[in-house]
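Presented below is the structure to which this report refers.
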Amino acid sequence: MDQSIYRQVRERYGPLVMEPELREQTATVPDEAIVTDGALEEEAWAVIAPHAFLVDRGQPESDVPDFGFVLSPTYITIGTRYHVEPSRSISSGSLILKVKLCSLLGDMEREATLYCKPYSRTGNPAGEATVDCKFCRPFSDFQYGSRVDGSAWTMELSIARDSVLGAGDRYLFYKLQFTNRLYPEARISFCPSVADGFRKDGSRLPMADFGRYIDVACGD
């Protein structure tokens, strides 16, 4: 990779580590305190809270999941809770949460991208999390748990710390993309912010941008 890309990213995002208001609130627990089953029953999940998701041109989207991060010695786990409107029901392929983690100030080669769904391709209600992108780094060092009870979708995604953080890395940046097909037209929103991407034909493509970070040294 062109080393100038690393320099540009560090120049752009470096100040974030000095801005505590952009640091994500996390809970820190032992490994055995979290069971990645999608139930969100552990006390640590009190950290789950509403976050602002935006659509194209920065307009807010209200029908989105709440989420939070829990840190343990081995894993970084994101938990989400999405409440479904009474007039709608979750079906296979109706919801997708794309999770991307990247140590922008450290080892960018460990960037991780996963697509989380409430049902598998075969309709299994245990759900699935996959890389599912030919441009993304293949890896399998994660655990996933998902539950659908009719009125809500809850999930937990645990990613091994050493699969996304190099030696000495402290700050992990995240961005989420939520695809909601419970409406006649799919609604796609981004957290924490929206950036401009471009397709091969040059047309504009809205995408999630990094803007908040996790300090993995919190609680150490």
Q. Could you state the number of Å between the C-alpha centres of region 17-73 and region 129-165?
A. 14 Å
**Q.** Estimated vicinal HN-Hα couplings, Hz - region 201-211 in sequence order (Karplus 6.51, -1.76, 1.60; Gly, Pro = x)
**A.** 7, x, 6, 6, 9, x, 8, 5, 10, 6, x
Q: Report, as a whole number in µm² per second, the diffusion coefficient that Stokes-Einstein gives for region 154-207 at 25 °C and 0.890 mPa s using the Kirkwood radius over alpha carbon pairs.
A: 170 µm²/s
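Going by average Cβ neighbours within 10 Å, how do the peptides 46-57, 108-119 rank, with the highest at the top? Please list the in-between numbers first.
Working: 46-57: 14.8, 108-119: 19.5.
Per-residue Cβ counts within 10 Å, averaged per peptide and sorted highest first, yield 108-119, 46-57.
Take the Cα radius of gyration of region 3-215 and divide it by 2.2 N^0.38 Å, with N its residue count; two decimals is plenty.
Details: Rg = 16.8 Å, N = 213, 2.2 N^0.38 = 16.9 Å.
Ratio of Rg to 2.2 N^0.38 Å for region 3-215: 1.00.
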Q. Once region 111-182 is represented by equal point scatterers at the alpha-carbon sites, with solvent omitted, what log10 I(q)/I(0) does the Debye formula produce at q = 0.11, 0.20, 0.27 Å⁻¹?
A. -0.33, -0.96, -1.42
Q: Please build a GNM for the chain, connecting alpha carbons under 10 Å apart, and tell me which residue among Tyr171, Tyr183, Tyr82 fluctuates the most.
A: Tyr183
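In deg cm²/dmol and to the nearest 500, what is the mean residue ellipticity at 222 nm of the chain if only DSSP H runs of at least 4 residues count, each as -39500 (n - 2.57), divided by the residue total? Kindly include the intermediate steps, with their values, before the conclusion.
Details: 2 runs with 15 residues, N = 220.
One gets -2000 deg cm²/dmol as the mean residue ellipticity at 222 nm.
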Q. Can you give the Kirkwood hydrodynamic radius of region 29-79 from its Cα pairs, in Å with one decimal?
A. 12.4 Å
Q. For the pair Asp209 and Ser92, how long in nm is the line joining their label points, each one 7 Å along Cα→Cβ?
A. 3.8 nm
(Q) Counting just the Cα atoms, what span does region 98-220 cover along each of its three principal axes? Round to the nearest Å and put the largest first. (A) 45, 38, 26
**Q.** Size-normalised alpha-carbon gyration radius of region 70-170, reference 2.2 N^0.38 Å
**A.** 1.16
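Filter the GluC sites (Glu not before Pro) in region 24-86 down to the DSSP loop ones having no more than 13 other Cβ atoms within 10 Å, then list what survives.
Numbers: sites: Glu24, Glu32, Glu41, Glu42, Glu43, Glu61; in loops: Glu24, Glu41, Glu42.
Passing sites in region 24-86 are Glu41.
Values in this text are rule-based calculations from the coordinates and carry no lab data. Small disclaimer: the values here were computed from a predicted structure and weren't measured. Note that we place each Cβ from the backbone using ideal geometry, even for glycine, and neighbour counts take in every protein chain shown.
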